[in-house]
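The values are calculated or read from the model by the stated rules, or taken from the named source; none is laboratory data. Predicted model only: the values in this text are computed from it and were never measured. With ideal geometry, Cβ positions are generated from the backbone for all residues, glycine too; neighbour counts draw on all protein chains shown. Side chains included, ligands, DNA and RNA excluded: accessible areas come from the protein's heavy atoms. Shrake-Rupley method; radii C 1.70, N 1.55, O 1.52, S 1.80 Å.
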Amino acid sequence: MSDNASRQPENSPAPDPADVRGLEEIPSVEVISRAAVMLLSAAAERLGLADADPESSPHRDLDEARRLITALAGLVTASAEYLGLHAAPLRDGLQSLQKAFREASSVPDAPGQGPGEKYTGPVY
């Protein structure tokens, strides 16, 4: 591995100091929230929600979306007591994804069987 592999390219902007902090300096609620937002964003992309027409999105992949939504549900449910004010918006985002998944599915799952519903309960 070359010596300059860990250096930034010369023309790239300086890193954001918040991104350079060691993990030991970041409060747990921030780590959990960042992970949840990443899962939420990735699931929305896989549902095609970032495109004008989700049904024809080249990024649409319901199998991948199911996995991401289930992981998000597990994380949000398991950490809700620690999230404080962050819990409600994350739960709302999760529920929106679960509903979008149900609408996108050609053969919807039975209530309680959709992505993440084993953690959150049925979503209608």
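What to note about this one:
- Alpha carbon centroid spacing (whole Å) that separates region 25-73 from region 105-124: 17 Å
- Estimated distance in nm for a label pair at Ser41 and Arg102, the labels positioned 7 Å out from Cα along Cα-to-Cβ: 2.7 nm
- Under the shape rule built on the C-alpha gyration tensor, where the axes satisfy a ≥ b ≥ c, region 70-124 is prolate, since a/c reaches at least 1.5 and a/b is greater than b/c.
- Surface composition of region 24-124: carbon plus sulfur atoms contribute 55% of the solvent-accessible area (1.4 Å probe, protein chains only, all chains present).
- Phi angles of region 72-85 translate, via the Karplus equation with coefficients 6.51, -1.76, 1.60 and θ = phi - 60°, into HN-Hα couplings of 4, 4, x, 5, 5, 5, 5, 10, 3, 5, 9, 7, x, 5 Hz per residue; Gly and Pro are given as x.
- The stretch between Val31 and Asp51, if pulled fully straight at 0.36 nm per residue, gains 4.4 nm over its current Cα-Cα span.
- In this calculation the C-beta distance from Tyr82 to Arg21 is compared with R0 = 30 Å, giving a FRET efficiency of 0.95.
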